[in-house]
1. Could you please find all residues in region 34-67 being in contact with an Asp or Glu (Cβ under 9 Å, 6 or more places away or on another chain), of a type in the set (Phe, Trp, Tyr) and either in a loop (DSSP other than H, G, I, E, B) or at pLDDT 50 or above (or both)?
2. Looking at region 259-276, is at least one residue in the same structural domain as Gly134 (by TED's automatic domain parsing), small (Gly, Ala, Ser), part of a loop (DSSP other than H, G, I, E, B) and surrounded by fewer than 17 Cβ atoms within 10 Å (Cβ to Cβ)?
3. Every residue in region 79-130 that is among the small types (Gly, Ala, Ser) and assigned to a strand (DSSP E or B), please.
4. Out of Gly170, Gly128, Gly153, Gly134, which single residue is on the phi > 0 side of the Ramachandran plot, in the same structural domain as Leu87 (by TED's automatic domain parsing), touching a helix residue (DSSP H, G or I) at 6+ places or on another chain (Cβ under 9 Å) and modelled with pLDDT of 95 or more?
5. Within region 487-596, considering only strands (runs of 3 or more DSSP E) that don't extend past its boundaries, which have at least 1 residues that are basic (Lys, Arg)?
6. It is to be established whether one or more residues within region 539-550 are out of contact with any Gly (no Cβ under 8 Å at 6 or more places or on another chain), under 27 Å from Val465 (Cα atoms) and touching a residue at least 24 places away in the same chain (Cβ under 8 Å).
7. Are any of the residues in region 301-315 in a strand (DSSP E or B) and surrounded by 14 or more Cβ atoms within 10 Å (Cβ to Cβ)?
8. Hey, Phe640 hits all of (1) among the hydrophobic types (A, V, I, L, M, F, W, C); (2) crowded, with 21+ Cβ neighbours inside 10 Å; (3) farther than 23 Å from Tyr373 by Cα but one; which does it fall short on?
Amino acid sequence: MRSKWYVLFSALVVLATLLVACQPAAEEAAPAEGAVEEAADAEAFWRTSKDPTTWVETTFGDPETLDTSRDYETAGGEILANVYDTLVFMEKDQASTFVPMLATEVPSLENGGISEDGLTVTFKIRDGVKFHDGSDMTVEDVAFSFQRRILAGSTISPQWMLVEPLFGAGLVDVAELVDPENPPYDDQATLKTYDAETLNAVCEQVKAAVVPDAAAGTVTFHLAQPWAPFIATLANGGWATIESKAWVGANGGWDGDCATWADYYAVPTEELNQLGIGNSAMGTGPYKFDHWTPGEEIVLTANEDYWMTEPMWEGAPTGAPAIKTVVIKQVAEFSTRLAMAQAGDADNILVGSTEDWPILDEMVGGEITYAEYMAGEPIVITDPTKPFYKITDITFANNRTDIGFNFNVNTEGGNSFIGSGVLDGDGIPADFFSDVHVRRAFSYCFDYDTLANEVMQGEANRAPVLMLPGMIGYDENAEHYTYDIDKCVEELKASTWVSEDGTQLYDLGFRMSAVYNVGNTLRQTIAELLQAGLQEAGSQFVVEVVGLPWPTFLANINAKKIPIFIIGWLSDYFDTHNWTATFTSGYYAFKQNFPAELRQQFSEINSRAVQENDPVERERIYKEEFNTLYYETAPAMLLFTTKGRHYAQPWENGWYANPIYSNKWYYALSKD
């Protein structure tokens, strides 16, 4: 991908390097002023990898699970993207341009893959593809992959992205097919109390929505309504991967029998991870799963028989991967990760916060813009004594970081995150954030400018609305919250919360925890800014900043235990609906325990907007209705989107920035 072209500004350093190379090993010549010392260090920049066939990636978060029906976070998503394949894939760094992968073509109106009414989408499935265990991939495996995941359900899974287009806008879980009036969300025990006829009918309904045809070599999806982002939904993520029906059944998953699907609905994640489907993976992808030692490492090995014989785009890889072993190590401390990178023991340089950027910038000997990099321009080396180079101006804004409120915290078994659990000055009640004045107060008590200009060093864009720049409905002039202590105090005084003895919230104060994942020092800083803002409003408002390991952090969010959490989000596909539905009527609405009435208000707007064919009217719905409701109800604190930058080792080849990827697609990489 990237040519090894370097432009040196110091001929003196090059000459000195050659002179040093001629010195006898046992003697140390006195250097010229600075030149030889620089040259000795310069060898580090020109060094090759210690092992060109092994990639060592350092990170600070284990996957939540490796079950494709449940995982919905980037640590697991990275593994699934490298072990499994999807029907279609994104073309290099283009988030909205698709190429065939396990399908032989991308369905369209022109090739007949999409019907005239937009209600059927048919994929022609590639012949001759084998799973890692040597078995053939069939059209039945393809259809089963989607059927299983839909029936596995759970509101903390990504399956809403399949349920909605296939069964109706606004639906999020298979439980709604069982009982539309009173869905048994995430409750397997209750779901299993429904009669066998009802449960069997739902299973057959799901199977009828995704139909294999062995004779034709196709799989057809039957949609409830035309769905513009449907192809994009199938180009990324564990929810779109193709797995072996036989392997799933042999490793603790559903085997396809409609009589038993309820036994596999909404299984707790910790139980999934005791099964092969949750703690291992087996697909058709460029890498095979070797092992996962939680808290230590995940190892992948090259699929030497990978089926890819033709490049998916010009310059794309084919055949067996160049990197033969991928080792993903858990290294929580930035200083340790950096030391490993400096020593050549790690192939990536992972920062936990923009506050780490100045440290890395001191070690950068050259830089290039992303546009120049993708055009094959040379990397200009200004200081060959420095070990890394930097790619700047990766300008897509496809991820963001926000602060979520939990409207009704789970207190079962106790909950230290909400202190005493009552409004007594030493805690908060479970439904503390059900008061809109409290949510607005927190939104006013955060110093957004300090975050953007100092913490993010000017490389963050304030998020005035939920959708991203470039998406329909984005409005930089929309009403949004700013740092205003007076308004924060005003809202706290307007709160309806009073203690048992009649003391108002503002006079009494509170204590609670804001939680982030350990290693992500940016999120820690965000929590501390919120802490400081509330202290400015009054010393009686105490927010304790708590860090948890990534899997524990996610488990507590999923269990609805955390009152305030700092989280990032990456698009599943580049469309406004992926943000509005995810955050207000789907995934996060459930995680944050939205009241049913509020979720329904947003769901109605989201459903109308996503089905609106007139882009002008769709934009009006988002700008005038969605953005207004979001501002007025303040269900979360919208923080920022960022520009990107990439710090790299000199031997890295093939990297590019696709804004949808969980992390790296290792098949594209090589080292020299």
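1. Trp55, Phe60
2. Looking for residues that are in the same structural domain as Gly134 (by TED's automatic domain parsing), small (Gly, Ala, Ser), part of a loop (DSSP other than H, G, I, E, B) and surrounded by fewer than 17 Cβ atoms within 10 Å (Cβ to Cβ), one finds at least one in region 259-276, hence yes.
3. Once the filter is applied, which keeps residues that are among the small types (Gly, Ala, Ser) and assigned to a strand (DSSP E or B), region 79-130 yields only Ala103.
4. Within the list Gly170, Gly128, Gly153, Gly134, the selection yields Gly153.
5. In region 487-596, the matching strands (runs of 3 or more DSSP E) lie at 510-517.
6. Checking region 539-550: at least one residue is out of contact with any Gly (no Cβ under 8 Å at 6 or more places or on another chain), under 27 Å from Val465 (Cα atoms) and touching a residue at least 24 places away in the same chain (Cβ under 8 Å).
7. Checking region 301-315: at least one residue is in a strand (DSSP E or B) and surrounded by 14 or more Cβ atoms within 10 Å (Cβ to Cβ).
8. Of everything listed in (1) among the hydrophobic types (A, V, I, L, M, F, W, C); (2) crowded, with 21+ Cβ neighbours inside 10 Å; (3) farther than 23 Å from Tyr373 by Cα, Phe640 misses just condition (2).
The values are calculated or read from the model by the stated rules, or taken from the named source; none is laboratory data. Note that this is a predicted model, so its numbers are computed, not measured. Note: ideal-geometry Cβ built from the backbone for every residue, glycine included; neighbour counts use all protein chains shown.
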